[in-house]
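Peer 1: My questions all concern the structure below.
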Amino acid sequence: MLAKKLALLLVLVLMAASGWAQYQGRIEGKVNIAEATLDSFTKCIALKPDYADAYYQLGTLYIGQNKVKEAVENLEKFLALAPGHEKAGMAKQLLVYLKKQVEMS
């Protein structure tokens, strides 16, 4: 139980660090904000593989980078972990859109 609480705490710290990296990047203009955010959520998943929100965030970030395959994989993983999540409906709509894009290309 303590290990799970520590893992969750570490995930929260990494998410806060991601926000700080984004802030610093805007101020200094040196940090690729999307890459820093992707890195933070990837680390969150490595520490807590069942953290559904990280998969959703990665999926939406990959959409912004036009990485359709990665977006689909992460959004599907999100739905597998949290089918009743408040963002599940949006994830399903995004998946329909992305899959249509793949068919059209």
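Each value in this text was obtained by applying a stated rule to the coordinates, not by laboratory testing. Everything numeric here is computed off the predicted structure, so don't read it as measured data. For neighbour counting, all protein chains shown are included, and Cβ atoms are generated from backbone atoms with ideal geometry for every residue, glycine included.
Peer 1: From the cross-link list 67/87; 43/92; 67/100, which pairs have alpha carbons spaced over 23 Å apart?
Peer 2: Among 67/87; 43/92; 67/100, the Cα-Cα distance tops 23 Å for 43/92.
Peer 1: Which value in nm describes the separation of the simple spin-label points at residue 104 and residue 76, placed 7 Å from the Cα toward the beta carbon?
Peer 2: 2.1 nm
Peer 1: Another question, if that's okay. How much length is gained on full extension from residue 35 to residue 90, taking 0.36 nm per residue of separation minus their Cα-Cα distance?
Peer 2: Between residue 35 and residue 90, full extension yields 17.5 nm more.
Peer 1: Something else now. Taking the convex hull of the alpha carbon atoms in the range 50-105, what volume per residue do you get, in Å³?
Peer 2: In the range 50-105, the Cα convex hull volume per residue is 63 Å³.
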